[in-house]
1. Filter the range 208-238 down to the residues that are among the small types (Gly, Ala, Ser) and either part of a loop (DSSP other than H, G, I, E, B) or within 17 Å of Ile158 (Cα to Cα) (or both) and list them by number.
2. Looking only at the range 239-252, which residues are in contact with a strand residue (DSSP E or B) (Cβ under 7 Å, 6 or more places away or on another chain) and assigned to a helix (DSSP H, G or I)?
3. Would the range 297-306 turn up any residue that is surrounded by fewer than 19 Cβ atoms within 10 Å (Cβ to Cβ), within 30 Å of Tyr199 (Cβ to Cβ), out of contact with any Gly (no Cβ under 8 Å at 6 or more places or on another chain) and assigned by TED's automatic domain parsing to the domain that holds Asp26?
4. Can you pull out the helices (runs of 4 or more DSSP H) entirely within the range 48-165 that have at least 2 residues that are over 17 Å from Pro27 (Cα atoms)?
5. Can you tell me which residues in the range 233-287 are charged (D, E, K, R) and in contact with an Asp or Glu (Cβ under 8 Å, 6 or more places away or on another chain)?
6. Just name the residue that is nearest to Ala205 (Cα to Cα) out of those in the range 229-246 that are in contact with a Gly (Cβ under 8 Å, 6 or more places away or on another chain) and not polar (S, T, N, Q).
7. Within the range 208-223, restricting attention to residues that are buried (at least 16 other Cβ atoms within 10 Å of the Cβ) and over 18 Å from the mean Cα position of the chain (by Cα), which residue is farthest from Thr258 (Cα to Cα)?
8. Assess whether Ile267 counts as being within 26 Å of Glu301 (Cα to Cα), touching a residue at least 24 places away in the same chain (Cβ under 8 Å), crowded, with 16+ Cβ neighbours inside 10 Å and not assigned by TED's automatic domain parsing to the domain that holds Pro153.
Amino acid sequence: MSNVTATPNLFANPVRLLAPMEGLTDPLMRQILTQIASDGGRAYDWCVSEFIRVTQHVLPEHVIYKYVPELKTKSQTDCGTPIHVQLLGSDPEMLAHSAVVACGLGAVAIDLNFGCPAKTVNKHRGGSVLLDEPTLMQQIISAVRQKVPADIPVSAKIRLGYTDMSNMDDIRHAIADSGADWLTIHARTKTQGYKPPAYWDKIQAFTTLPIPVIANGEIWTPLDAQNCMTQADTQHLMLGRGAVTHPDLISRIDTVDTEPLAWEKLIPYQIDFLNGEAKSERMLMGRYKQWLGMLSKGYVEAQNLFNQVKRERTVAGALKQLSEFID
């Protein structure tokens with residue numbers, strides 16, 4: 001059975017979550033995006049970590065800390081947004097024991113990934129390929145739910161299917177029997193990837209479950225959010241690439257007539273990003289250029305700045321370019 005003692009409090013009001021995006025929402029990006037949302041007056045209810053892959057061995061503590069350093073600060077980003085730990089794999093026992101380790105480090109919730117469309121992940125029997133094995137999905141979620149403490153929720157993130165949507169009923173029944181506390185659905189199949197549109201209306205098939213359902217996919221504007229909630233028949237949303245491109249999207253969804261965040265007000269957050277922690281300067285610069293490229297979809301100024309810094313290799317050089325751009 002799902003954790004009925006903890007879930008109602010989390011979903012007393014419509015929730016807004018920052019999605020786990022492999023290779024994009026690392027700890028630094030989570031810190032910046034949750035800070036922007038918090039400063040804008042509508043903080044994320046929680047965010048979810050990039051997936052941690054579990055194979056033939058129980059995850060050691062240092063690996064979990066590597067992906068989720070927020071565990072050392074009460075499982076929160078700097079602005080106080082909670083973070084949930086996401087695991088990916090196909091071995092129920094290894095996932096369950098790894099979840100127990102994460103809980104011992106302070107994880108406040110465990111999320112299980114059945115949605116990643118990456119070929120390498122799917123080839124190794126992880127992520128969305130398991131949508132073709134609903135029974136195994138059910139076994140994984142049940143094993144984790146039974147092992148972790150009763151007061152720690154266990155959720156699952158899925159797509160509408162692997163190659164197509166033909167076994168949605170089987171997936172729904174598997175979730176219903178798993179003990180999951182809530183479900184997040186990216187409204188496309190693995191084969192559909194990230195190509196528009198998202199099939200929000202198909203999420204309705206899951207809202208008959210006696211657990212909260214969160215809709216995700218192709219939410220770029222407040223209008224998209226409203227259409228998604230109507231078609232999916234749920235008020236709960238997870239924001240992904242739209243939240244990276246428009247960091248104030250969360251506040252504009254829930255506050256009518258909110259003016260878009262001005263480019264000038266984004267500059268201090270970019271400076272914070274460039275002064276943040278990363279494995280290497282090269283990685284930090286790569287992530288900054290990646291973010292700047294996505295911001296260019298929403299800000300003309302971002303495109304102009306990107307053209308200036310795209311060949312820059314040092315943080316000092318990027319900060320200089322940013323300073324000159326301000327001037």
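The values are calculated or read from the model by the stated rules, or taken from the named source; none is laboratory data. The model shown is predicted, which means the values in this text are computed figures rather than measured ones. We place every Cβ from the backbone using ideal geometry, glycine too, and count neighbours over all the protein chains shown.
1. Selection gives Ala215, Gly217, Ala232.
2. Passing the criteria: Ala243, Leu249, Ile250.
3. no
4. Here the list reads 92-104, 119-123, 134-147.
5. Of everything in the range 233-287, just one residue is charged (D, E, K, R) and in contact with an Asp or Glu (Cβ under 8 Å, 6 or more places away or on another chain), namely Arg287.
6. Among those residues, the one meeting the criterion is Gly240.
7. Restricting to residues being buried (at least 16 other Cβ atoms within 10 Å of the Cβ) and over 18 Å from the mean Cα position of the chain (by Cα), the top hit is Leu209.
8. Judged against the criteria, Ile267 is a match.
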